[in-house]
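Inspection log for the structure reproduced underneath, given as structure tokens.
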Amino acid sequence: MRTGTISIIGKPNAGKSTLINALVGEKVSIVSWRPQTTRNKIIGILNGEINGEKYQMIFSDTPGINHSKGKLFEYMSESIQSATKDGNCILYVIDGQKKIADDDFENIELYKKEASKLIVVLNKMDVADQELFVSNLAMLNPIDNISVVPTSAEKRTNLEPLLDEIFQALPEGEEYYPEDLYTDRPIRFIVAEIIREKALKFLQEEIPHGIGIEITAFEERDDGLIRVNADIITERDNHKAIIIGKGGETLKRIATAARIEIEKLLDQRVFLKLWVKVKSGWREDSAMLNLLGYNKKDLK
């Protein structure tokens, strides 16, 4: 069989998280229209077969390429470096709705040197202006030593040609993970990410980078009910009021949407209780970042 690691990188909002979920066929990374929602290097695992030969593809979803400062952004940058340094293949994802920028071409030249194969994924072909999309393809095709694959991760369009390109980059080897595993992240981590995703969905635009999720209790009772307690951590008192909402309505909407998705994930009934806590400067507090799952040891 063939097995290897594939890093999914690109600028914010290119559709990286949607792509990894589409490829793996399971939700391993949260999706939001807001940039920089992915903070960790998320592992998704796909087992399959092409032309009678088995494969195990190990995908790393990474934060969007960003040059902001601070300990949280430093962690996100190191997540990208960790994912690309040992990969057999890199998928560089571009938002096909926009004209390809100069820094995209610079990134392509940079990442060509980081892995044995670079595949440029021109995404969002389902919603892009077709004339612009074709123009973007025409600009990418002359670049040496890359493969270019147009896709719609949202509609799961043209994924088979992409898998074929990835397969060609994989060396022969033994599987790293059991066949029934689709992510290396623990359930508590995924549950926390689901809560954060729903918070991003219902909150105003200025808040997302200022929230983290801490699972304070995760208990499976004898009657099959799973009880989850979690804190939404925010940096400011005025953000706390926004998260809770008038009469607690916003917090209730976040909790209900998260509970429904967690129940689908676990295939069990879930009782989810959320609290909102203010911890000023948590994004610059190394101990707090570790507590919330942003531990640099995990990147090694």
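Given the residues SER135, SER147, which is the only one that is among the polar types (S, T, N, Q), assigned by TED's automatic domain parsing to the domain that holds LEU19 and under 21 Å from PRO171 (Cα atoms)?
Going through SER135, SER147 in turn, the sole match is SER147.
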Lone unmet requirement of (1) buried (at least 19 other Cβ atoms within 10 Å of the Cβ); (2) under 19 Å from VAL28 (Cα atoms) for ILE187: (1)
Test: residue in the range 174-189 that is part of a loop (DSSP other than H, G, I, E, B), touching a residue at least 12 places away in the same chain (Cβ under 8 Å) and either hydrophobic (A, V, I, L, M, F, W, C) or in contact with a Gly (Cβ under 7 Å, 6 or more places away or on another chain) (or both): yes
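The values are calculated or read from the model by the stated rules, or taken from the named source; none is laboratory data. Predicted model only: the values in this text are computed from it and were never measured. Glycine gets a Cβ as well: all are built from the backbone with ideal geometry, and neighbour counts include every protein chain shown.
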